[in-house]
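J.: Got a structure for you, written out below as structure tokens; questions coming shortly.
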Amino acid sequence: MSALFKQHARQLLGIVVTALCMNAGAQTQPQAQPQTQAPAPASGPGQERYVISYICGDARIDGTAPLPPDGRPYNLGVSFVAGSTGQPLSNVQVRLRRHGRVLIEFKATGSRCLFSVPDASYRVEGTYQGATQFAIVETGALTTQLRW
């Protein structure tokens, strides 16, 4: 068996195992929006790229969310609420920015989202019924709320 074939076989096996793990996690968490990932740029030459993971659901997601495929914990959390009533809001268009660059964008089907991101400061934006709110948050902040 050639070395090139072994290298490609290992990569393919890793992709298949990751896909199976993600599928198993999605089947055990039907109320949660599937995890989506986007590579974040490395902060220096020769460093690995960090995969950003997120998951959305209701307020109980903190205790039920499976770990992201890379095993790193969720270290940023945001909830979406109506300012006048405090009721949870869903269908919020979410953008996560760093240095002005959009790292990930999606529509949250739940009222709470958790992110696994590199340690840094981020701008979390939410647009609900045409109105945009945002917060500047540091990793470790799990109680941020965007209110409309």
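J.: Note down all Cβ pairs under 8 Å where the first residue falls in segment 56-79 and is free of Cβ contacts under 8 Å to residues at least 40 places away in the same chain, the second is part of a loop (DSSP other than H, G, I, E, B) and buried (at least 22 other Cβ atoms within 10 Å of the Cβ), and they're at least six residues apart or on different chains.
T.: Partner pairs satisfying both residue conditions: Thr64/Ala32.
J.: How many residues does segment 89-100 contain that are surrounded by fewer than 22 Cβ atoms within 10 Å (Cβ to Cβ) and aliphatic (A, V, I, L, M)?
T.: Counting residues in segment 89-100 that are surrounded by fewer than 22 Cβ atoms within 10 Å (Cβ to Cβ) and aliphatic (A, V, I, L, M) gives 2.
J.: Let me ask something else about it. Residue by residue through segment 109-128, note down the ones that are touching a Phe, Trp or Tyr at 6+ places or on another chain (Cβ under 7 Å) and either closer than 25 Å to Arg49 by Cα or assigned to a strand (DSSP E or B) (or both). Can you show your working first?
T.: Start the filter on segment 109-128 by keeping residues that are touching a Phe, Trp or Tyr at 6+ places or on another chain (Cβ under 7 Å), which leaves 111, 113-116, 118, 123-126, 128.
Scanning segment 109-128 gives Cys113, Leu114, Phe115, Ser116, Pro118, Arg123, Val124, Glu125, Gly126, Tyr128.
J.: Can you tell me which residues in segment 75-97 are within 14 Å of the chain's Cα centre (by Cα), of a type in the set (A, V, I, L, M) and not in a strand (DSSP E or B)?
T.: Matches in segment 75-97: none.
J.: Further question: For Arg147, all conditions in the list (1) surrounded by fewer than 12 Cβ atoms within 10 Å (Cβ to Cβ); (2) modelled with pLDDT of 95 or more hold save one; what is the number of the exception?
T.: (1)
J.: Leu103: hydrophobic (A, V, I, L, M, F, W, C), out of contact with any helix residue (DSSP H, G or I) (no Cβ under 6 Å at 6 or more places or on another chain), buried (at least 21 other Cβ atoms within 10 Å of the Cβ) and assigned to a strand (DSSP E or B), yes or no? Give the derivation first.
T.: Details: hydrophobic (A, V, I, L, M, F, W, C): yes; out of contact with any helix residue (DSSP H, G or I) (no Cβ under 6 Å at 6 or more places or on another chain): yes; buried (at least 21 other Cβ atoms within 10 Å of the Cβ): no; assigned to a strand (DSSP E or B): yes.
So Leu103 does not fit the description; no.
J.: Identify the residue in segment 52-69 that is of a type in the set (A, V, I, L, M) and assigned to a loop (DSSP other than H, G, I, E, B) and, among all such residues, is farthest from the chain's Cα centre (by Cα).
T.: Residues of segment 52-69 that are of a type in the set (A, V, I, L, M), as a first pass: 52, 55, 59, 61, 65, 67.
In the following step, the residues that additionally are assigned to a loop (DSSP other than H, G, I, E, B) were identified as 59, 65, 67.
Details: Ala59: 15, Ala65: 11, Leu67: 11 Å.
For segment 52-69, the residue satisfying everything is Ala59.
J.: What single numbered condition from (1) under 11 Å from the mean Cα position of the chain (by Cα); (2) closer than 21 Å to Asp62 by Cα fails to hold for Leu103?
T.: Going through the list (1) under 11 Å from the mean Cα position of the chain (by Cα); (2) closer than 21 Å to Asp62 by Cα, Leu103 breaks only (2).
J.: Among the residues of segment 49-84, count how many are more than 23 Å from Arg97 (Cα to Cα) and aromatic (Phe, Trp, Tyr).
T.: Residues that pass the stated criteria total 0.
J.: Across segment 106-144, which residue is surrounded by the fewest Cβ atoms within 10 Å (Cβ to Cβ) among those that are touching a residue at least 24 places away in the same chain (Cβ under 8 Å) and polar (S, T, N, Q)? Walk me through it before giving the result.
T.: As a first pass, look at segment 106-144 and keep what is touching a residue at least 24 places away in the same chain (Cβ under 8 Å): 106, 108-119, 122-128, 135, 137, 139-144.
Imposing the further condition that a residue be polar (S, T, N, Q) reduces the set to 109, 111, 116, 127, 139, 143-144.
Numbers: Thr109: 16, Ser111: 21, Ser116: 24, Thr127: 16, Thr139: 16, Thr143: 8, Thr144: 16.
Among them, the one singled out is Thr143.
J.: If Arg72 satisfies all but one of (1) assigned to a strand (DSSP E or B); (2) modelled with pLDDT of 90 or more, what's the number of the condition it fails?
T.: (1)
The values are calculated or read from the model by the stated rules, or taken from the named source; none is laboratory data. Since we're looking at a predicted model, the values are computed, not measured. Here the Cβ is made from the backbone with ideal geometry for all residues, glycine too, and neighbour counts use every protein chain on show.
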